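Working notes, beginning with the structure itself.
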Amino acid sequence: MRIAQGRPCAGRVGQGARAGFSMLELVVAIAILLVATLAAFGSQVKSFELMDSSRDAASAMTDLEVCMEEILTRTADEMPVAFPPGTSIPGYDGLHLASERIVPQYPGYVAGGAVPDPLEIVLTATWNDGRSRPQRATLSTIKTR
């Protein structure tokens, strides 16, 4: 019996040197995964901030609507007296939001003068968001006699 000597099988040539990933390939792959993970995390943080902002704006608008309904239960002549322009409405100070205030304005109305018909009513809500940045929302309507 004769044993064949000669070259090794073609599939095994140089395989020992390239049996896995090199250190450089691993570092590059980890860096790409890290960048992708940080981008995903950053978008999640921004998403939470936008949800908080949206929730605050919806709460402020609800407060404005309720306040406007309360004001509209009065006659046009009573409104500027019961809810003086430029002063916050006490029942709504800090009601649902940090530093929340609702302030009425009556464009076209001069204090002590005749109440115009129609009377324009503008309510402005101001508050601070979760990062203590000032925010504002406005609701307006008119009241006729």
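The values are calculated or read from the model by the stated rules, or taken from the named source; none is laboratory data. These numbers were taken from a predicted model, which means no experiment stands behind them. Counting neighbours? That spans all protein chains shown, and the Cβs are built from the backbone with ideal geometry, glycine included. The area values use the complete protein model at the heavy-atom level, side chains included, leaving out ligands, DNA and RNA. Shrake-Rupley method; radii C 1.70, N 1.55, O 1.52, S 1.80 Å.
Taking G113 as the residue in question, decide whether it is on the phi > 0 side of the Ramachandran plot and outside any helix (DSSP H, G or I). Spell out how you get there, then give the answer.
Working: on the phi > 0 side of the Ramachandran plot: no; outside any helix (DSSP H, G or I): yes.
Judged against the criteria, G113 is not a match.
Which ones in the stretch 98-115 are open to solvent by less than 20 Å² (accessible area, probe 1.4 Å) and of a type outside the set (D, E)? Lay out the reasoning, then the answer.
As a first pass, look at the stretch 98-115 and keep what is open to solvent by less than 20 Å² (accessible area, probe 1.4 Å): 100, 102, 104, 106.
Matches in the stretch 98-115: I102, P104, Y106.
So which residues in the stretch 116-139 are in a strand (DSSP E or B) and open to solvent by less than 70 Å² (accessible area, probe 1.4 Å)?
Taking the stretch 116-139 as the starting set, the residues that turn out to be in a strand (DSSP E or B) are 119-128, 134-139.
L119, I121, V122, L123, T124, A125, T126, W127, N128, Q135, A137, L139, listed by residue number.
In this structure, is M61 in contact (Cβ under 8 Å) with a residue 24 or more places away in the chain and closer than 21 Å to L119 by Cβ? Outline the logic, then answer.
Details: in contact (Cβ under 8 Å) with a residue 24 or more places away in the chain: yes; closer than 21 Å to L119 by Cβ: no.
Considered against the rule, which asks whether it is in contact (Cβ under 8 Å) with a residue 24 or more places away in the chain and closer than 21 Å to L119 by Cβ, M61 comes out as no.
Can you tell me which condition G94 does not meet? The list is (1) within 24 Å of I142 (Cα to Cα); (2) modelled with pLDDT of 90 or more, and all the others hold.
If we test G94 against (1) within 24 Å of I142 (Cα to Cα); (2) modelled with pLDDT of 90 or more, just (1) comes out false.
Is it the case that some residue within the stretch 29-39 is modelled with pLDDT under 95, in contact with a strand residue (DSSP E or B) (Cβ under 7 Å, 6 or more places away or on another chain) and part of a helix (DSSP H, G or I)?
no
State all residues of the stretch 100-136 that are of a type in the set (K, R) and within 22 Å of E65 (Cα to Cα); if no residue qualifies, say none. Quick ask: steps written out before the conclusion?
Step one: of the stretch 100-136, the residues of a type in the set (K, R) are 101, 131, 133, 136.
Passing the criteria: R101, R136.
Quick one: would you say D77 is of a type in the set (D, E) and part of a helix (DSSP H, G or I)? Reasoning before the result, please.
Numbers: of a type in the set (D, E): yes; part of a helix (DSSP H, G or I): no.
Considered against the rule, which asks whether it is of a type in the set (D, E) and part of a helix (DSSP H, G or I), D77 comes out as no.
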